[in-house]
Amino acid sequence: MTTGVVALVGSREDIHIQEVGRRLEALGVASVVVDTLTFPDETRMSLTEDLAGIRVDGRELGRPAAAYLRGLHTHPLAHGVDASEAMAEDWRTTLTVFREKATFLLGVLGRWERLGVPLYNPPSADWVLHKPVQLSALAAAGLPVPRTLWTNEPEAVRRFASGGRVAYKPVMGGAATQELLPEDLTDARLAALAASPVTFQELLPGEDIRVFVLDGEVIASLHIVTSALDFRQNEERIEQVVLPDAVARQCVRACEVLGLRWTGLDLKRGLDGELKFLELNGSPMFLGFDAGGGTDVAGHFTRTLAKHARG
Ligand code: ADP
Ligand code: MG
Ligand code: MG
């Protein structure tokens, strides 16, 4: 039995990286943090022309047994990055440096994918994380998604809004979802679309469901009980739920369609009673759900990484 090393790609300060590292250690499996937050100023790395030629902080890592990709920190806006001083001083050089860093790190992940390292998640699935392709790829595969419009055209918004209640939110996500109201349809308000496109979506009034899928299996499903439109503003309670078989199969199918080995799916029930896919996250947080809902996503996930390491 060979024991390989699991690469944890993200910040040493990240609680998910820390928890997975601790749990792997408890299972007798070695891990290495590839600290993408402190790279390149503190963390030192070298790559050679060999696909497996990588040294991290003075240690030959080689081909890892598996990798957990938590975050690359390749943008000044990325969570945990503080580039405001550097940007104020010289934004052009700072952005160039971020681009160099991104090319290096994406290169590392691409090499591991070519080597067949089990990656949670593989960089080849990155393109599907962009919601306009993600939701339409799911729809094309016959999966239920809300009626959606991504646009910066005022007239298109007005036409869309005439079809029923509408929610709006950023194209990427991360900010609060709100209901589109009649006062939002004025010329003055819609002129803001010249600054950025926005997502407009059929408003789903039903319950919020979070499902975790790992290697083709549902490992946790939770109902987030809230009275707010966007559950992140106001989580009142998290409860485990048993998904109907058909919905569980749809969740697994959605992962297959998008090429994700693991994900946290956000679903919400529509006016018609059907659960619809809002999104699949490429690096879902899970500690809060485990703590609030009594699930064991952390355990399932680390045992899977450990299994790869034990060959
Ligand atoms: P993010 O990437 O920001 O998490 P989501 O699409 O998952 O984006 O939206 C965040 C939350 O906002 C959802 O979990 C849900 O609670 C609420 N929400 C998003 N879209 C809608 C919608 N069309 N109707 C009702 N609520 C929505
Ligand atoms: Mg979400
Ligand atoms: Mg998201």
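The values are calculated or read from the model by the stated rules, or taken from the named source; none is laboratory data. As the structure is a prediction and not an experimental result, all values here were calculated from the model. So basically every Cβ, Gly included, is an ideal-geometry build from the backbone, and we count neighbours across all protein chains shown. Note: areas computed on protein heavy atoms with side chains; ligands, DNA, RNA excluded. Shrake-Rupley method; radii C 1.70, N 1.55, O 1.52, S 1.80 Å.
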The one condition in (1) in contact (Cβ under 8 Å) with a residue 24 or more places away in the chain; (2) open to solvent by 20 Å² or more (accessible area, probe 1.4 Å) that R210 fails to fulfil:
(2)
S136 versus (1) free of Cβ contacts under 8 Å to residues at least 40 places away in the same chain; (2) under 19 Å from the mean Cα position of the chain (by Cα); (3) within 26 Å of H79 (Cα to Cα): which is the lone unmet condition?
(3)
Specify the residue that is least open to solvent (accessible area, probe 1.4 Å); the eligible residues are those in region 271-281 that are among the aliphatic types (A, V, I, L, M), more than 12 Å from the chain's Cα centre (by Cα) and more than 8 Å from ligand 2 (Cβ to nearest atom).
L275
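Out of all the residues in region 271-311, which are in a helix (DSSP H, G or I) and over 17 Å from A66 (Cα atoms)?
Within region 271-311, L287, G288, F289, D290, A291, G292, G293, V297 qualify.
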Could you give every pair whose Cβ atoms fall below 6 Å, whose first residue belongs to region 272-285 and is within 9 Å of ligand 3 (Cβ to nearest atom), and whose second residue is among the charged types (D, E, K, R), counting only separations of at least 6 or pairs across chains?
L278/D266; L278/K268; E279/D266
For region 167-204, give me the residue count where each residue is more than 13 Å from L229 (Cβ to Cβ), within 16 Å of ligand 3 (Cβ to nearest atom) and touching a Pro at 6+ places or on another chain (Cβ under 8 Å).
3
Only one of (1) within 16 Å of ligand 3 (Cβ to nearest atom); (2) farther than 17 Å from L129 by Cβ; (3) buried (at least 20 other Cβ atoms within 10 Å of the Cβ) is not met by I238, so which one is it?
(1)
Say whether the condition of being touching a strand residue (DSSP E or B) at 6+ places or on another chain (Cβ under 8 Å) and without any contact (Cβ under 8 Å) to a residue 60 or more places away in the chain is met by at least one residue in region 68-78.
no
Mind counting the residues in region 163-182 that are closer than 21 Å to V133 by Cβ and among the basic types (K, R)?
1
The one condition in (1) open to solvent by 10 Å² or more (accessible area, probe 1.4 Å); (2) farther than 20 Å from A125 by Cα; (3) in a helix (DSSP H, G or I) that K268 fails to fulfil
(3)
